[in-house]
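Here's the structure, in structure tokens; my notes come after.
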Amino acid sequence: MAYIPHWINGKASDTKAERHGDVFDPATGLKTGEVGFATPAVLDTAVASAAKAFESWSHASLSKRTKILFAYRELVERHKLELARVLTAEHGKVLSDALGEVNRGLEVIEFACGIAQLMKGEFSENVSTDVDSYSIRQPLGVVAGITPFNFPVMVPMWMYPIALACGNTFILKPSEKDPSGANLAAEMLEKAGLPPGVFNVVHGDKVAVDAILAHPGIAAVSFVGSTPIARYIYETGTRNGKRVQALGGAKNHMVVLPDADMELAADSAVNAGYGSAGERCMAISALVAVGDAADRLVPKIRERIARLKVGPGAADGSEMGPLVTKEHHARVVGYVDKGVTEGARLVEDGRTLRVPGHDGGYFLGPCLFDAVTPEMTIYKDEIFGPVLSVVRAKSYDEAIKLINGSKYANGVAIFTNDGGAARKFQNEVEVGMVGINVPIPVPMAYYSFGGWKSSLFGDTHMHGREGVHFYTRGKVVTARWPDPKHGGVNLGFPEMK
Ligand code: NAD
């Protein structure tokens, strides 16, 4: 049975924690490990180590920081299959999808390798006679990241490569459901030459999170997870004087106009609805078919669902794995039941699926609802499972009104061959990330990731320039080198001459 310890001051803790959580293989339902849960005292040790490390790391040259990030990038590239296997074993997603996750995380490390360009300030010569002004950006100190189960490698990588590149030291509190990827990352950072204490992993549940939010030694918190917790993190963290960015849940819509390429739309709906068993924050869960689009689209989606291979993530040929936990499986099945009782038409029922030899696994086959209406629970709530709801809209105007009425606003997509309609949509839709004939519009590392409304609390998105902005604070220097002709005592407000 594996034991997953905290990683503090450059090494794994050698004592077992007083409290722990169980880790399962979602494909079998068997317990595979235990993860130590931090107490506030453990967090104190991590903060002390990170604060000590900050004294020198914040002064390490840009070249030194960059060299370590390049070395780390090479290690992740070399070991990505190993990382992906660990992801599949604890999360359940299929191996190709896990590899895709590592690759998207790598993009952020590569972006952070360019930090020397990103932290450049501005300089103005002679703002007054013989006076120069310039701006610099400096790290915040010890910063923390609290991350969800669904991207245990990539989401932390949205945060720490940039935070470290900017000169901060970092404490990661990963999801307790699939914690091992964080420790592998810590080992690789250490091998890449990162000094002890610069990157720490503190495992745990609400106790560890609350200790982070209350700790006076932590300057900023980045969070990704569900909306109620994101709101709690933002409110508590900011009340305690911290800088906070908290990304929340989602209910992503995909609009299909009658002129769209229906083959592309059907492929995209299936990929984005059922990939990773719907456990992606950018998954499509509401397909808004305009005019007669649904009549043509639904049969095409059903044909594709019939061919999908659901099975253990590590098995060759599996396209969709199990859900993450038994509890989550029960919750998603509960939503499907509710959809039926509330009157939606269940045209594909994944509840009957059995995976031979894996009766204990948390498998649910793809579910497709038609004739879903905005009042239904399956339309309003984030389900986070392989459940796609088709909502029929009479017009583009009805579709956009529906989307802009949602409290979630993470990602959205439109499928059409009409450039004018797509342009109108990108302008009018109140959502942070928009895809045009692209169902999962996750921005590249050099753009920023984030939604609007209840999908993000705070004002900065993750990675890209906004990430650098979040992990640094600005300083402006106004300088004059002594000159015998200076103006002497003058109590007036400084004016530039
Ligand atoms: P979650 O909110 O349950 O957990 C996220 C983190 O918060 C974990 O580290 C967990 O240990 C901690 N946590 C859980 N309950 C807590 C509590 N009561 N008090 C303090 N901390 C607590 O989310 P999850 O189930 O791990 O992940 C799925 C959710 O994350 C979905 O809602 C999904 O949409 C969202 N998500 C959003 C994005 C985005 O970019 N907006 C990305 C990925 C996932």
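The values are calculated or read from the model by the stated rules, or taken from the named source; none is laboratory data. Keep in mind that this is a model prediction, so the values were computed, not measured. Please note: Cβ atoms are built from the backbone with ideal geometry, for glycine as well, and neighbour counts cover all protein chains shown. Just the protein is used for accessible areas: all its heavy atoms, side chains included, with ligands, DNA and RNA removed. Shrake-Rupley method; radii C 1.70, N 1.55, O 1.52, S 1.80 Å.
Put simply, of Glu101, Glu74, Glu176 the only residue that is surrounded by fewer than 18 Cβ atoms within 10 Å (Cβ to Cβ), modelled with pLDDT of 95 or more and among the acidic types (Asp, Glu) is Glu74.
For the range 283-292, the count of residues that are within 16 Å of the ligand (Cβ to nearest atom), among the β-branched types (Val, Ile, Thr) and surrounded by fewer than 18 Cβ atoms within 10 Å (Cβ to Cβ) is zero. Checking each residue in the range 299-328 for being among the charged types (D, E, K, R) and within 16 Å of the ligand (Cβ to nearest atom) picks out Lys326, Glu327.
Across the range 120-136, the qualifying residues are those that are open to solvent by 20 Å² or more (accessible area, probe 1.4 Å) and modelled with pLDDT under 95, and the one among them that is nearest to Ala60 (Cα to Cα) is Asp130.
Counting just the residues of the range 238-268 that are open to solvent by 40 Å² or more (accessible area, probe 1.4 Å) and closer than 26 Å to Ile400 by Cβ, which one comes out nearest to the chain's Cα centre (by Cα)? Among residues in the range 238-268 that are open to solvent by 40 Å² or more (accessible area, probe 1.4 Å) and closer than 26 Å to Ile400 by Cβ, the one nearest to the chain's Cα centre (by Cα) is Asp267.
Just for the range 433-458: of the residues that are on the phi < 0 side of the Ramachandran plot and assigned to a strand (DSSP E or B), which one is farthest from the chain's Cα centre (by Cα)? Within the range 433-458, the match that is farthest from the chain's Cα centre (by Cα) is Ile436. Filtered by the rule that a residue be more than 16 Å from the ligand (Cβ to nearest atom) and surrounded by fewer than 24 Cβ atoms within 10 Å (Cβ to Cβ), the range 137-166 gives Arg137, Gln138, Pro139, Leu140, Gly141. For the range 5-18, filtering for residues that are open to solvent by less than 90 Å² (accessible area, probe 1.4 Å) and more than 24 Å from Gly193 (Cβ to Cβ) leaves 1.
Among the residues of the range 33-58, those that are loosely packed, with under 15 Cβ neighbours inside 10 Å and free of Cβ contacts under 8 Å to residues at least 60 places away in the same chain comprise Ala41, Glu55. Has the range 246-266 got any residue that is part of a helix (DSSP H, G or I) and within 24 Å of His469 (Cβ to Cβ)? Scanning the range 246-266, I find no residue that is part of a helix (DSSP H, G or I) and within 24 Å of His469 (Cβ to Cβ), so the answer is no.
Which one of the conditions (1) buried (at least 23 other Cβ atoms within 10 Å of the Cβ); (2) within 15 Å of the ligand (Cβ to nearest atom); (3) not β-branched (Val, Ile, Thr) does Phe111 fail to meet, given that it meets all the rest? Here Phe111 clears every test but (2). Looking across the range 211-229, the residues that are more than 7 Å from the ligand (Cβ to nearest atom) and of a type in the set (A, V, I, L, M) come down to Ala211, Ile212, Leu213, Ala214, Ile218, Ala219, Ala220, Val221. Going by what's in this entry, would Ala277 be described as in contact (Cβ under 8 Å) with a residue 24 or more places away in the chain, buried (at least 16 other Cβ atoms within 10 Å of the Cβ) and not in a loop (DSSP other than H, G, I, E, B)? The answer is yes for Ala277.
Per-residue answers, yes or no, for (1) out of contact with any Lys or Arg (no Cβ under 9 Å at 6 or more places or on another chain); (2) assigned to a loop (DSSP other than H, G, I, E, B); (3) open to solvent by less than 30 Å² (accessible area, probe 1.4 Å); (4) at pLDDT below 95:
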| position | (1), (2), (3), (4) |
| --- | --- |
| Val340 | yes, no, no, no |
| Gly361 | yes, yes, yes, no |
| Glu375 | yes, yes, no, no |
| Tyr379 | no, no, yes, no |
| Val391 | yes, no, yes, no |
| Ile403 | yes, no, yes, no |
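Go through the range 235-255 and give me each residue that's at negative phi, more than 12 Å from the ligand (Cβ to nearest atom) and not charged (D, E, K, R). Matches in the range 235-255: Thr238, Asn240, Val244, His253, Met254, Val255.
Residues checked against (1) assigned by TED's automatic domain parsing to the domain that holds Ala286; (2) touching a helix residue (DSSP H, G or I) at 6+ places or on another chain (Cβ under 6 Å); (3) under 24 Å from Ala219 (Cα atoms):
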residue	(1), (2), (3)
Asn404	yes, no, no
Asn410	yes, no, no
Gly419	yes, no, no
Gly432	yes, no, no
Phe449	no, no, yes
Tyr471	no, yes, yes
Pro494	no, no, no
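Number of residues in the range 190-207 that are buried (at least 24 other Cβ atoms within 10 Å of the Cβ) and within 16 Å of the ligand (Cβ to nearest atom) equals 5. Being buried (at least 17 other Cβ atoms within 10 Å of the Cβ) and on the phi > 0 side of the Ramachandran plot: is that true of Gly21 here? For Gly21, the condition - buried (at least 17 other Cβ atoms within 10 Å of the Cβ) and on the phi > 0 side of the Ramachandran plot - is not met. The set of residues from the range 211-237 being open to solvent by less than 50 Å² (accessible area, probe 1.4 Å) and either touching a Ser or Thr at 6+ places or on another chain (Cβ under 6 Å) or in a helix (DSSP H, G or I) (or both) comprises Ala211, Ile212, Leu213, Val224, Thr227, Ala230, Ile233, Thr236, Gly237.
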